Amino acid sequence: MQRTASMRVTGQKMNESITFKQKKLKQHYLSILLILMAVITISLASGIYHEIEHHKSAALEHAKNSFIKDLMFRKWIASHGGVYVTPTKRTPPNPYLAHIKDRDLVTTSGKKLTLMNPAYALRQLMDYEGMYGAKGHITSLKLLNPNNKPSDWEIKALKLFDQGQQTELHEFVAKEGQDYIYYMKALVVKKTCLKCHAHQGYKVGDIRGGVSVTIPMKKYNNDTSSAVYKLIAVYLVFYIIVIIGLFYTYSNAKKSLLEQHRLEQENHRKDEIMLAQSRHAAMGEMIAMIAHQWRQPITVIAMGANNMLADVELENVSDKSIKDQSYSILKQTEYLSTTIDDFRNFFRPDREKDEVRLEQVMYEAEKIIGKSLEHSNIKLTIRHSNGYIVKTYSRELLQVYINLLKNAKEALVDNVIENGWIDVLIADDNEHVITTICDNGGGIDTAIIDRIFDPYFTTKGETIGTGLGLYMSKTIVEKHLQGSLEVANKEKGVCFKIAIPIMEKTEV
């Protein structure tokens, strides 16, 4: 038996679905990978930035500490009004202190001494500092000593100090292929400063100049490079771990998806086999129904033929009797032809969905099984108040209707119910068209009612029932027609309810 179109469509949809799911899974993991790579890269960039800033801050802190040391030394000298040292070639009397009458002294033992003011002493100290990395420089826009002339950068800083915009300034500068940090802080005139600088017009609180510190950044740059290389190495390992981890989880997810698809295909093949078995079983049942349908018309045809033969033998043939008998035979053969068309339509596979009212499909089912019900003295009533049409596989729905009507008939016959009836109501709830098929056949045992839709479950014995009718009915309704099939015991019998989604409202 050829598979139905809905089965083929379902198989195609399953293949399309797994391709789509694989594509979405790949996109999902690629998105996760890109997001994680972006997050890690941003984190790495942030780490590198903080390493650079950390070492710059360390260099600045070094410069500030050097300035504080120089300032403390200068304050100590200033607190003593300067210090006297023995004049030497390196420390001759300061010509810029000539206005101070006790610049030069001679001790009682005849030893000569000369005054070193804070700036003079600090400048000599700074010459020694340059040997250890940090080089200081005390300068001003109003110079006593031209040798303390400020550089271009120091002039910029001193002008900012004089304008009151800043009291300290630092900058990282590249000079002659080397990186340096320049730091400078303003010197505020104290009372102790006036001994040497009062003649310049300074007052307490004025900005007299500043002390700058220059530090080569080579050591800090090397430390920064080392820290950055280590950070990059750590993040490269992290990159690799993330990529391997995502690839591993993606591979497992893909395997799981393919395994799920394989199981779905296997279940789909089982459904196809069961549907074929169900259709084969239905074919045998249809033959029995055809026998019921044809019994009466064949009898009428046979009686008509016998009557014509009898008239011939009795020489009682007339045109009228021949016509009457012929019309009767033709009427019965038309009925037989119609019956053949009805059964052929039942076995015709659906190639695509068609738009139908469900009561039309139910009336087709009545044509096929109606005579069998009449033969068993079962009354079939069909009522409908449906104003909707649905787009569905009508041949498969016809099979479901016939299965449920046949099951109701068998329950009525097996339980020897007098005045047996089957009541069909087709109505809607604005979302579904609902077909309710009820009978007075005694209902279903509550111990098995939850199992009646299981495959191969039957209460009729293996030689009588296949146990596929209700299972395939539920499979067709829920998987192919996107509806639902439910069962519930009612007074004196059972009701099956089929709900099919509505396509549109139509005028009745």
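The values are calculated or read from the model by the stated rules, or taken from the named source; none is laboratory data. Model, not experiment: these values are computed from the prediction. Note: ideal-geometry Cβ built from the backbone for every residue, glycine included; neighbour counts use all protein chains shown.
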Residue match in the range 88-106 (condition: within 30 Å of LEU60 (Cβ to Cβ) and surrounded by 12 or more Cβ atoms within 10 Å (Cβ to Cβ)): no
Yes/no for ILE244 being at pLDDT 90 or above, in the same structural domain as LEU97 (by TED's automatic domain parsing) and either among the β-branched types (Val, Ile, Thr) or assigned to a loop (DSSP other than H, G, I, E, B) (or both): no
Residue match in the range 109-125 (condition: in contact with a strand residue (DSSP E or B) (Cβ under 8 Å, 6 or more places away or on another chain), part of a loop (DSSP other than H, G, I, E, B) and in the same structural domain as ILE138 (by TED's automatic domain parsing)): no
Residue in the range 79-102 that is more than 30 Å from LEU236 (Cα to Cα), in contact with a Ser or Thr (Cβ under 7 Å, 6 or more places away or on another chain), acidic (Asp, Glu) and not in a helix (DSSP H, G or I) present: no
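Yes/no per residue for (1) farther than 19 Å from ASP439 by Cβ; (2) surrounded by fewer than 23 Cβ atoms within 10 Å (Cβ to Cβ); (3) modelled with pLDDT of 85 or more:
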residue	(1), (2), (3)
VAL356	yes, yes, yes
SER372	no, yes, no
ILE382	no, yes, yes
TYR388	yes, yes, no
THR392	yes, no, yes
Residue in the range 450-459 that is in the same structural domain as LYS474 (by TED's automatic domain parsing) and either among the aliphatic types (A, V, I, L, M) or under 15 Å from GLU366 (Cα atoms) (or both) present: yes
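In the range 130-153, how many residues are surrounded by 17 or more Cβ atoms within 10 Å (Cβ to Cβ), assigned to a helix (DSSP H, G or I) and at pLDDT below 85? Spell out the reasoning first.
Narrowing the range 130-153 to residues surrounded by 17 or more Cβ atoms within 10 Å (Cβ to Cβ): 134-140, 144, 150, 153.
Restricting the remaining residues to those that are assigned to a helix (DSSP H, G or I) gives 153.
This time we only want the ones that are at pLDDT below 85, so: none.
Result for the range 130-153: 0.
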Residue satisfying all of: in the range 221-261; in contact (Cβ under 8 Å) with a residue 60 or more places away in the chain and either farther than 20 Å from MET37 by Cβ or of a type in the set (Asp, Glu) (or both); surrounded by the fewest Cβ atoms within 10 Å (Cβ to Cβ) among these: LEU258
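To keep it simple, each residue is scored yes or no on (1) in contact with a Cys (Cβ under 8 Å, 6 or more places away or on another chain); (2) in contact (Cβ under 8 Å) with a residue 12 or more places away in the chain; (3) of a type in the set (S, T, N, Q).
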{"position": "LYS409", "(1), (2), (3)": "no, yes, no"}
{"position": "LEU412", "(1), (2), (3)": "no, yes, no"}
{"position": "ASN419", "(1), (2), (3)": "no, yes, yes"}
{"position": "ASN430", "(1), (2), (3)": "no, yes, yes"}
{"position": "THR435", "(1), (2), (3)": "no, yes, yes"}
{"position": "ASN440", "(1), (2), (3)": "no, yes, yes"}
{"position": "ALA447", "(1), (2), (3)": "no, no, no"}
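Tell me, yes or no, whether the range 312-324 has at least one residue that is surrounded by 17 or more Cβ atoms within 10 Å (Cβ to Cβ), at pLDDT 70 or above, among the aliphatic types (A, V, I, L, M) and assigned to a helix (DSSP H, G or I).
no
One line per residue, one yes/no per condition, for (1) surrounded by fewer than 22 Cβ atoms within 10 Å (Cβ to Cβ); (2) modelled with pLDDT of 85 or more; (3) part of a loop (DSSP other than H, G, I, E, B):
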position: THR436; (1), (2), (3): yes, yes, no
position: THR446; (1), (2), (3): yes, yes, yes
position: ASP450; (1), (2), (3): yes, yes, no
position: PHE453; (1), (2), (3): yes, no, yes
position: GLU462; (1), (2), (3): yes, no, yes
position: ILE476; (1), (2), (3): no, no, no
position: ILE498; (1), (2), (3): no, yes, no
Which numbered condition SER57 fails, given (1) closer than 19 Å to GLU171 by Cβ; (2) surrounded by 15 or more Cβ atoms within 10 Å (Cβ to Cβ): (2)
